[in-house]
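Remarks on the structure that follows.
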Amino acid sequence: MLEYTDYIKIFIALLAVVDPLAIIPIIAVMTPRDKPPELKSIARTVVLTVTAVLLLALFTGESVLIFFGISMNSFRVSGGILLLLMSLSMLQGKISETVLNKAEVREGEAAETFAVVPLSIPFLAGPGAISTVILYAQRGHDINHYLMISLDIFAIAVILWIVLRATPWLTQRLSQTSINIVIRLMGLILLALAVEFIAGGLKGLFPVLA
């Protein structure tokens, strides 16, 4: 088990990757303001889906890598590159197409299933979030370690639920500029995290760099 401060860092990293505030403009556009029951249903579906996906990644992600013969150091580098691409888009106040592209948005609107796809997957619990969970999960193997990361995931789920339920109130008080500022700050944290993952993976693959 890691130090408690490390689990706070994991929470902050996950919060930066999931970035709940980035969902506000999408929910505001796709959900009629005069239908609060619909927003309540969407919030419940999104939170349950995101939590399930991240917990699945936590408890089975490393086993999947072993099954496919992928070393953790290789996954660190590839996951770090993915987070790097996401962070560069976030620093520009944009949503990276590695997370959500226009075709996925159109498909979600047409099928009226956007609460699961693409809102939960891959917008919130996408490759970046899944990679982050797997990379932190392998830092310990005792049950307490997994329980602490699970608590981080549940904390993210609570924040996500609050943001979703408060979207009508937030859209009246937060401008797009304010949201973009938060996204850029999260992008900066994510960029540092990406560099850390890439550096750690390269040191593992090429010990001479250590």
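Values for this structure:
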read-out	value
The listed residue being hydroxyl-bearing (Ser, Thr, Tyr), at pLDDT 90 or above and out of contact with any Cys (no Cβ under 9 Å at 6 or more places or on another chain), out of 5, 31	5
Qualifying residue in segment 125-146 (condition: polar (S, T, N, Q), over 13 Å from the mean Cα position of the chain (by Cα), surrounded by fewer than 19 Cβ atoms within 10 Å (Cβ to Cβ) and under 12 Å from residue 54 (Cα atoms))	no
Residue in segment 191-200 that is out of contact with any Pro (no Cβ under 7 Å at 6 or more places or on another chain), under 27 Å from residue 45 (Cβ atoms) and of a type in the set (Val, Ile, Thr) present	no
Which listed residue is at negative phi and either surrounded by fewer than 16 Cβ atoms within 10 Å (Cβ to Cβ) or at pLDDT below 85 (or both), from 15, 83	83
Residue match in segment 93-109 (condition: under 21 Å from residue 52 (Cα atoms), small (Gly, Ala, Ser) and either modelled with pLDDT under 70 or surrounded by 17 or more Cβ atoms within 10 Å (Cβ to Cβ) (or both))	yes
Yes/no for residue 165 being exposed (fewer than 14 other Cβ atoms within 10 Å of the Cβ) and either in contact with a Pro (Cβ under 9 Å, 6 or more places away or on another chain) or farther than 23 Å from residue 8 by Cα (or both)	no
Unique match (being within 15 Å of the chain's Cα centre (by Cα) and surrounded by 14 or more Cβ atoms within 10 Å (Cβ to Cβ)) among 202, 170, 174, 190	190
Residue match in segment 47-59 (condition: modelled with pLDDT under 90, surrounded by fewer than 15 Cβ atoms within 10 Å (Cβ to Cβ) and in a helix (DSSP H, G or I))	no
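The values are calculated or read from the model by the stated rules, or taken from the named source; none is laboratory data. Quick caveat: nothing in here was measured; it's all calculated off a predicted structure. As a convention, Cβ positions derive from the backbone with ideal geometry for all residues, glycine included, and neighbour counts pool all protein chains shown.
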